[in-house]
1. Relative to the Cα centre, what is the charge dipole magnitude of segment B:179-249, using +1 at the beta carbon of each Lys and Arg, -1 at the beta carbon of each Asp and Glu, and rounding to the nearest 20 debye?
2. To the nearest 0.05, how large is the calculated FRET efficiency for B:T84 and A:Q263 if R₀ is 51 Å and r is the Cβ-Cβ distance?
3. With the crude spin-label approximation of a point 7 Å out along Cα→Cβ, what separation in nm comes out for B:V141 versus A:E67?
4. Per residue in segment A:75-124, which ones lose no less than 40 Å² of accessible surface when going from chain alone to all protein chains (1.4 Å probe)?
5. In square angstrom, what is the accessible area per residue of segment B:8-62 with a 1.4 angstrom probe?
6. What accessible area, in Å² to the nearest ten, does a 1.4 Å probe give for B:S4?
7. Taking a probe of 1.4 angstrom, what is the accessible area of A:V191 in Å², to the nearest 10?
8. What are the residues whose amide H is under 5 Å from the amide H of A:L224, where those residues sit 5 or more places off or on another chain and H is modelled from the backbone?
Amino acid sequence: MDDESYGGSSSSQRNKRPAQSQSSGSQKRAMREDDSDQGSDIHVPVSKQAATSGVRGAASAAAIPAEDMERLIKDVVRLAIFTAHSESALKREDIKEVLGNHGRALDHVFNKAQERLRDVFGMELVELTSKGRGGQSAEKGTKSYMLKNILPTQLLQGSAIDWESEVEDMGLLMVILSFIMVREGTLQESVLISNLRRLSLLEESSSFGDITRKLDVLIKKRYLEKFKLDHMDESGEKVEYEYRWGARARVEIPEENMVKFIQEVFGRDAPPGLEVAIKKASRPADSEAPTPTASAE
Amino acid sequence: MATSGFTDLHRLYLQAAISKRLMTEATAQDLYSRVCTVTEEPYDRENFSDFITQLNEGLNSVELEFRRAQDEVTGVPVIALTNTNGQKIAQVATRYSPTELEYFKHLLDAIIMADDEAFCISSTAALHEAGKLKNKENKAVALTKKDAEALLDRFVADQWFIQSTAGAYSLSMRSLLELQTFLKETYDDQIQECTLCMEIITKGQRCTVAACSSRLHQHCASAYFKNMARPVCPTCHSAWDGKILIGLSDRTAAPSTVWKRRKAKGTGINGNGAGGSADAAEEEDEEDDDN
């Protein structure tokens, strides 16, 4: 059993993951299987599409009476707001459906709705990207969007606002994301479970309830991605899975926040050089950082 | 396009309000004070009402609005961000699939049309409704009992329905506020309004005279009758005993209508090994719960 822990005071020199190299080849195969489950990850960059349809979009938008246009913009804004807290992302198809037979004006309406979302709510729609096969390839658009908060971070970080039950779940998410981050961006399920058990999160009395269900929700919400590996876990009885940051986490949670979070967990026990160590641990030895910048392969 | 004139104070408040859906007025006020602190704006308790008015003016451009009401059960003032364009349920509850929405409508219908102004549906009846669903092409799209059960839990978690201890579902304040327009337009005569506050009423008291239209929320009744030596109906002036209730009440608590809910509990992430025996233990637990 892996005995690494991030809850204690020991620091970060123990972050070489033996699993990393052995899994990369087999991973590809496993992930291809997974693709069939992730129907929403359509690998067509929307930006390209928008660019070609832009001119046509503007022309067809002009043909729509101002009153109808106003109606469409409102509908898209409300659709975005009402999906803000739902489990799944807003799909381009959902927006099209709202537009009905004005589908060709989508880009125009979308931009206007964005303006209004920023002005009224301080939020904007951001396209989720797919890192493809285990982050090996460049990021691609997925035609799915989520709302991103664009208010200054110092406003959001103040503990002024109590996000209620979300806070607990976000806390759990942050813990899991930090586990993953300091392991070069991937974490095997067996290791995750032993870490969660160490934090007493698997006990019946845990206030998180059924963690398996929570994990499923986080995957569904695209905060986490789970890939099947083609080997068994250490007990040799269960198929091993691997967790990574999901598209939504990459959009919503800047690396800096993550570093800050880990530092806060350590509190006054933080060893010197913790920040550098975290950042080092988060980068696979053989590639670029698992941050939203596209990697070379 | 005219802009909302909002500052980050307004935006931050809205973001918090969206995540909460429905707040008591006290919570809403408290939130206002905290948002003021974070954005370094001056806070004055007295300004809260104006602040909400400002928000509603800006929200007009997206047809949303903060509405206030008093909770039918507790009488506590609540405030919710609602859709003013509420003719279609689909626009309110976009996060449900068409089949799920259909189920929601069926339930809503059963609750509103319940005999004797009970305005609730037992969980058995609610699950029964799940078997009657049809899609637009009139094809049956019945939900399995398990799916219906999970969906009912979601409706409650999303604050559309409230569930009594006996398991019966009735309308939540969120539904009453957000579906106001829809309910009034769709059900017209079936919808009762409180004689005093004129808001929709699904829980409260009614006049002893069957033909009289008086209905009063509990909190409206206690406010209205407070200084009356002998309470009389505000409409027909006959004696008011306050004992004839509408909405969810003890009559729905009859044991036969109690449907045993299975909670998806505690298999845990490491529950793979002892699956069978754990399940058996769970069954026993439930038996115990019921006694």
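1. 360
2. Step by step, r from the Cβ atoms, then E = 0.70.
3. About 3.2 nm, to one decimal.
4. The answer is A:R78, A:F82, A:H85, A:R116, A:D119, A:V120, A:F121 - residues whose exposure falls by at least 40 Å² when every protein chain is included.
5. 43
6. Solvent-accessible area, nearest 10 Å²: 30 Å².
7. 10
8. A:I219, A:G246
The values are calculated or read from the model by the stated rules, or taken from the named source; none is laboratory data. Nothing here was measured: the structure is a model prediction, and the numbers come from that model. Glycine gets a Cβ as well: all are built from the backbone with ideal geometry, and neighbour counts include every protein chain shown. Only protein heavy atoms, including side chains, enter the accessible area calculation; ligands, DNA and RNA are left aside. Shrake-Rupley method; radii C 1.70, N 1.55, O 1.52, S 1.80 Å.
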